[in-house]
Amino acid sequence: MRKENIVSINKLLKPEKVVIIGASEKEGFGGDTCRNTIEIMTEGKYFFVNPNRDEVFGQKCYHSVLDLPEKVDMAVICTPMKTVEPLIEDCAKMGAGGAVVFASGYGEAGTEEGRAAEASLKALCEKHGISLMGPNCAGYINYVDKVSSFAFISNKRDRSGSVGFVSQSGQLVLSMMDRPGTGFSYVISSGNSKIVTMEEYLNFLIDDEDTKVISMYLEGVKNSDEFVKALDKASKIRKPIVVLKTGKSEKAQQIAASHTGSLSGSDKIFDALFAKYGVIRVDDLEELISTSQAIAILKELPKGNRLASISLSGGETGICADLGEINEIEYGALSEQTMTDLKAAIPPYANPNNPLDITASLSYDIDKFGRVLEILMKDPNVDLVSVGYTLLDEIADNAIYYMYEAMKRVSKEKWAKPMVMVPFAEMSRNVDYVDKLKEINVPVLPSAQYAFKIISNILDLSTYKANEHRF
């Protein structure tokens, strides 16, 4: 990425001063963007503009961008397509190097008029050196610096974290944000990506120190050379990238073309690229969310690809055995010493194995449960430990209290290895306990069918070696 592009994209994504044009109190892009801005940003960092209002939500509203008391870095334009270019001109005069444009009707409309409008907007932004998000987007939130240009409303909670999510669909951004337990450095709805491209957002997140994992919803790529360079850079610095790429079917390719004007390209080429550069490709939004968040929560990735699984019943253990095989997961062959130690640690009616049924009784004893974790983690043939337990919204069984204390104690040891929790049925979950486990770097995965796909993704990432794969 050229130096001038870096400066400009920083004005877009890390601005000091922001102006919301088309500010309103009504529901919709103008009003909802203002609501998000007030909630997330510090007063004095943003300005409202609307020629027909003196105040918005009790705050001063200017009649023109040119009336602002100081220069701005970035503009959020919430007005119709016909007004956009004159407003870009005004924003350029006020120092803006970034802009977010919500308006649709550009190239994605598939009309000559729309394509011409898009080309004209692109030329104008290039003339003034403005990095533009969109058009036809929903904006972004920078949780690192507390900057918002996002146009969709979600429930209030702390969403700060280390996953950088960029998507060619605004609604999928909202779905990611609405999923309990998610935490982000950035959420970006890129829209048509005609000025700032997906490749540039990807490069930005690769270089961003506050982003531990990059998560993407991708319909197509505009500049394949830059995309490949970005993937190569990420692979060399070991920054994980998780991608939900549509376009496997002809119908999906048609939808991508009409949604953002993207050409999805050959799906087999993307598979080869992702394999070469260690990108995790997922099949749906649940897998995208859960894989990205799990990697972000883990203190470190496993050192290898061998799993040890603990459950509290034979039925759960059988499920783990089957799903492990289905997902081509290697259960570590436990050493003779480990088998001996396990036999002494578990009830006499249980059998040492991997996956392991420790029976429910051990889940009520912090020392004994912790001892089993220690035995497995000290085995050289184990790289990751999964703990099977269905965490209910309303906790009736005290087992989780003891299990948590054991996991917390073990997690502090030098010999500790990464852990994940696998529920066997999808529940609303106990948010307090999900957060407590997150604090000790233990992600709670979705139910077992998904969980083992995610475990497989993590183990594949752990054993990826740059440049090992070739076309």
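The values are calculated or read from the model by the stated rules, or taken from the named source; none is laboratory data. Please read these numbers as outputs of a predicted model, since none were measured by experiment. Neighbour counts run over all protein chains shown; Cβ positions are idealised from the backbone, glycine included. Just the protein is used for accessible areas: all its heavy atoms, side chains included, with ligands, DNA and RNA removed. Shrake-Rupley method; radii C 1.70, N 1.55, O 1.52, S 1.80 Å.
When we screen Asp341, Asp393, Asp365 for residues that are more than 23 Å from Ala448 (Cβ to Cβ), in contact (Cβ under 8 Å) with a residue 24 or more places away in the chain and surrounded by fewer than 17 Cβ atoms within 10 Å (Cβ to Cβ), the only hit is Asp365.
Right, Asn142: modelled with pLDDT of 95 or more and in contact with a Phe, Trp or Tyr (Cβ under 9 Å, 6 or more places away or on another chain) or not? Yes: the conditions hold for Asn142. Gln59 meets the conditions (1) under 25 Å from Gly129 (Cα atoms); (2) open to solvent by less than 60 Å² (accessible area, probe 1.4 Å) in every case but one. The failed one is (1).
Keeping to the range 205-228, report how many residues are part of a helix (DSSP H, G or I) and either among the aliphatic types (A, V, I, L, M) or open to solvent by less than 20 Å² (accessible area, probe 1.4 Å) (or both). Counting residues in the range 205-228 that are part of a helix (DSSP H, G or I) and either among the aliphatic types (A, V, I, L, M) or open to solvent by less than 20 Å² (accessible area, probe 1.4 Å) (or both) gives 4.
Pairs linking a residue in the range 62-91 that is open to solvent by less than 10 Å² (accessible area, probe 1.4 Å) to a residue that is of a type in the set (Asp, Glu), with Cβ atoms under 8 Å and 6 or more positions apart or on different chains, are Val65/Asp90.
Scanning the range 305-346 for residues that are among the charged types (D, E, K, R) and either over 33 Å from the mean Cα position of the chain (by Cα) or assigned to a helix (DSSP H, G or I) (or both) yields a count of 6. When Tyr404 is tested against the conditions (1) in a helix (DSSP H, G or I); (2) farther than 18 Å from Lys299 by Cβ; (3) among the hydroxyl-bearing types (Ser, Thr, Tyr), the lone failure is (2).
Select, from Ser292, Ser335, the only residue that is in contact with a Phe, Trp or Tyr (Cβ under 8 Å, 6 or more places away or on another chain) and modelled with pLDDT of 95 or more. Testing whether each residue is in contact with a Phe, Trp or Tyr (Cβ under 8 Å, 6 or more places away or on another chain) and modelled with pLDDT of 95 or more leaves just Ser292.
Per the listing Ile375, Ile395, the residue uniquely out of contact with any strand residue (DSSP E or B) (no Cβ under 8 Å at 6 or more places or on another chain), among the β-branched types (Val, Ile, Thr) and in a helix (DSSP H, G or I) is Ile375. Could you tell me whether the range 428-445 includes any residue that is closer than 25 Å to Ala333 by Cα, without any contact (Cβ under 8 Å) to a residue 60 or more places away in the chain and in contact with a Phe, Trp or Tyr (Cβ under 9 Å, 6 or more places away or on another chain)? No, the conditions are met nowhere in the range 428-445. Here the range 441-465 is the region considered, the condition is being in a loop (DSSP other than H, G, I, E, B) and not polar (S, T, N, Q), and the residue that is surrounded by the fewest Cβ atoms within 10 Å (Cβ to Cβ) is Lys465.
Any residue in the range 412-420 that is touching a residue at least 12 places away in the same chain (Cβ under 8 Å) and assigned to a strand (DSSP E or B)? Yes, the range 412-420 contains at least one residue that is touching a residue at least 12 places away in the same chain (Cβ under 8 Å) and assigned to a strand (DSSP E or B). Among the residues of the range 310-338 satisfying the criterion of being among the polar types (S, T, N, Q) and over 19 Å from Ile455 (Cα atoms), which is surrounded by the fewest Cβ atoms within 10 Å (Cβ to Cβ)? Among those residues, the one meeting the criterion is Gln337. Residues that are under 26 Å from Asn457 (Cβ atoms) and open to solvent by 20 Å² or more (accessible area, probe 1.4 Å) within the range 368-390 comprise Lys378, Pro380, Asn381, Tyr389, Thr390, listed in sequence order. Do the conditions hold for Leu384, that is, is it of a type outside the set (Asp, Glu) and within 22 Å of Ser361 (Cα to Cα)? So Leu384 does not fit the description; no.
Among all residues of the range 104-115, there is none that is hydrophobic (A, V, I, L, M, F, W, C) and at pLDDT 95 or above.
Tyr349 fulfils the conditions (1) assigned to a loop (DSSP other than H, G, I, E, B); (2) open to solvent by 30 Å² or more (accessible area, probe 1.4 Å); (3) within 21 Å of Lys299 (Cβ to Cβ); (4) not basic (Lys, Arg) except for a single criterion, (3).
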